[in-house]
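Accompanying notes for the structure given below.
Readers should treat all values here as calculations from the given coordinates under stated rules, not as data from a laboratory. Just so you know, these numbers come straight off a predicted model, no measurement behind them. Note: ideal-geometry Cβ built from the backbone for every residue, glycine included; neighbour counts use all protein chains shown.
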Amino acid sequence: MSVLVTGGAGYIGSHMVWRLLDAGEEVTVIDCLSTGHDWAVPPEANLVVADIGDQESVQPVLKERGVDAVIHFAGSIIVPESVSDPLGYYLNNTVKSRALLEACVNCGVKHFIFSSTAAVYGTPERAPVSEDADLHPESPYGNSKLMTELMLRDASAAHGFSYAVLRYFNVAGADSKGRAGQSTRNATHLIKVATQAALGKRDGMEVYGQDYPTPDGTCIRDYIHVSDLVEAHYLALEHLRAGGGNLVANCGYGQGYSVLEVIDAVKKVSGVDFAVREADRRPGDPATIVADPAKIKAQLGWTPRHDDLSEIVRDALDWERSLERRNTQQ
Ligand code: UDP
């Protein structure tokens, strides 16, 4: 048995690769290195630099490596970018996922785990939101992921492979052993931006919108430590291999923090009072998104081990400092 990780040179994918290797799995990574880095892939994993939409590259890998499970991270993930470039998002996240899925069906892959997103809920009617809530994404990003969820459901029914859809809330932090972290150039996610501001890698930061219907007027999100997220994938893999059946589940803690609370945490943990400027709302941002994680806890026995905002921030800061050292060494 061996596992193919698409996007394994990226942020979450590289943590997954480490987790699988720690468990003694044979791991192959396919990544086109558009945002990921070859150095992020441990040498014990086999890195194939290719596009997931290119079946002529993907199918030989699936066959030759005897892949029984694919964990599909590769994709574009920035909500406002999807608003300005919807067709790019439908290509990367939907069209190429379709090609990958077809390659998997052609090669008899048994299990497929898909990185989906809380953005499929749009602005949920309730917070915390559970998996049976209505799905009405508010951005092309959310639409592009929802379409792939639907393809998976239908293709699984027709072709018999099993799948898990994991809907991520806001992933942050880094491997506590310092082996992996968020290294994407020009990253836009809140905790990454705030840690860069704290370390003087950027001149302060902006808060996008302070007039949302939340207690302090800024958006509320459920920040999940990347190591807990990756553990959910590992448990999903075991569940599928054991014949546990298809699963669609939220990955979050059920605890929300506002943008200002996150910035406060970064200031506190770093000890740096960086500049914070008010800016207009960002397109595509719902006010509050918090997970109901009851299903994944019940079905996979998932237990959060890093559900502490200070720990998430500390690990993110440590990684950001290590990137600084890497850059000065180069
Ligand atoms: N945000 C912000 N300033 C930044 C980056 C993000 O105010 O420099 C806000 C953003 O508008 C959203 C929240 O932080 O309300 C989380 O955004 P992020 O991009 O991290 O994740 P998303 O929820 O869009 O996936």
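Residues whose amide H falls under 5 Å from that of V129, counting only those 5 or more places apart or on a different chain, are V290, A291, D292, with hydrogens built in the peptide plane. Quick one: grab the alpha carbon gyration tensor of region 218-330, order the square roots of its eigenvalues as a ≥ b ≥ c, and give me rounded if a/c is under 1.5, else prolate or oblate depending on whether a/b is larger than b/c. It comes out oblate by the Cα gyration axes. When the Cα convex hull of region 87-189 is projected onto planes of every orientation, the mean area is 8.5 nm². Helix 259-270 and the longest principal axis of the C-alpha atoms of the chain enclose an angle of approximately 80°.
Applying the Karplus relation 6.51 cos²θ - 1.76 cosθ + 1.60 with θ = phi - 60° to region 316-327 yields 3J(HN,Hα) values of 5, 5, 4, 5, 4, 5, 5, 5, 4, 5, 4, 5 Hz, where x marks Gly and Pro. Sequentially through region 20-36, phi angles give Karplus couplings (6.51, -1.76, 1.60; θ = phi - 60°) of 5, 5, 4, 8, x, 6, 8, 10, 10, 10, 10, 8, 8, 6, 6, 10, x Hz, Gly and Pro residues having no value and appearing as x.
Evaluated with a Cβ-only charge set (Lys, Arg +1; Asp, Glu -1), region 62-179 carries a dipole of roughly 460 debye about its Cα centre, given to the nearest 20.
Residues whose amide H lies under 5 Å from that of I71, counting only those 5 or more places away or on a different chain, are L4, V5, T6, I113; hydrogens are built 1.01 Å from N in the peptide plane. Region 189-235 and region 1-34 have Cα centres separated by 24 Å. For the chain, the relative contact order works out to 19 percent when only alpha carbon pairs closer than 8 Å and six or more residues apart are counted.
Helix 55-64 and the long axis of the chain differ in direction by around 70°, with both axes built from C-alpha atoms.
Expressed as an acute angle from 0 to 90° and rounded to the nearest 10, what is the orientation of the C-alpha long axis of helix 140-159 relative to the principal long axis of the chain? Helix 140-159 sits at roughly 20 degrees to that axis.
Find which of T28, L309, S82 sits farthest along the positive direction of the dipole of the chain, computed with +1 on the beta-carbon of Lys and Arg, -1 on that of Asp and Glu, about the Cα centre. Looking along the dipole axis, the top candidate is T28. Charge dipole (Cα centre; +1 on Lys/Arg Cβ, -1 on Asp/Glu Cβ; no other charges) of the chain amounts to roughly 380 debye. Both numbers refer to the Cα atoms of the chain; Rg and Dmax are 18.9, 56 Å.
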